[in-house]
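Notes follow once the structure below has been shown.
Nothing in this text is a laboratory measurement; each read-out follows from the coordinates by a stated rule. The shown structure was predicted, so the numbers you read here are calculated from the model rather than taken from an experiment.
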Amino acid sequence: MSDCLFCKIIAGDIPAEKLYDDDDVIAFRDISPQAPQHFLVIPKKHIINLSDMTEGDDALVGKMMRVAAQVADEYGIKEGYRTVINNGADSGQLVFHLHMHVLGGRPMGWPPG
Ligand code: 5GP
Ligand code: ZN
């Protein structure tokens with residue numbers, strides 16, 4: 001998707017601090033961190049959000065979760081982190097390419113805002 005910010009990060013057209021990269025998924029630091037550790041895990045395939053997922057994406061989205069845990073472990077927040085997927089404008093989704101936020105390094109409140 002030529003007009004998608006995260007597709008541009010995947011293509012290398014916009015720089016990002018990548019923490020993980022393989023054929024299916026990348027993880028990179030959020031540009032506006034909301035916790036001492038805050039990174040995003042995204043599929044390389046342009047999927048808008050969970051509502052845009054099909055059954056064929058099950059393994060890909062499962063992999064996003066495993067990679068999130070692996071990177072969280074690598075960056076020292078294994079003892080506790082929050083994962084968030086905003087879906088749709090009402091949730092606060094601003095970038096319409098599926099992404100999982102991973103936040104850690106501070107206590108997390110509940111319920112989330
Ligand atoms: P959303 O609100 O869609 O769930 O989250 C989008 C996230 O993308 C926000 O946390 C925002 O800070 C992050 N973001 C927006 N633009 C960029 C960018 O150019 N680079 C990086 N690394 N993160 C970005
Ligand atoms: Zn995209």
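Worth a mention:
- Non-local lysine pairs in the chain, meaning eight or more places apart or on different chains, with alpha-carbon distances under 18 Å, amount to 9.
- Taking N as its residue count, the alpha carbon Rg of the chain over 2.2 N^0.38 Å: 1.02
- Top of I14, I85, I48 by mean-square fluctuation, Gaussian network on the chain, Cα under 10 Å: I14
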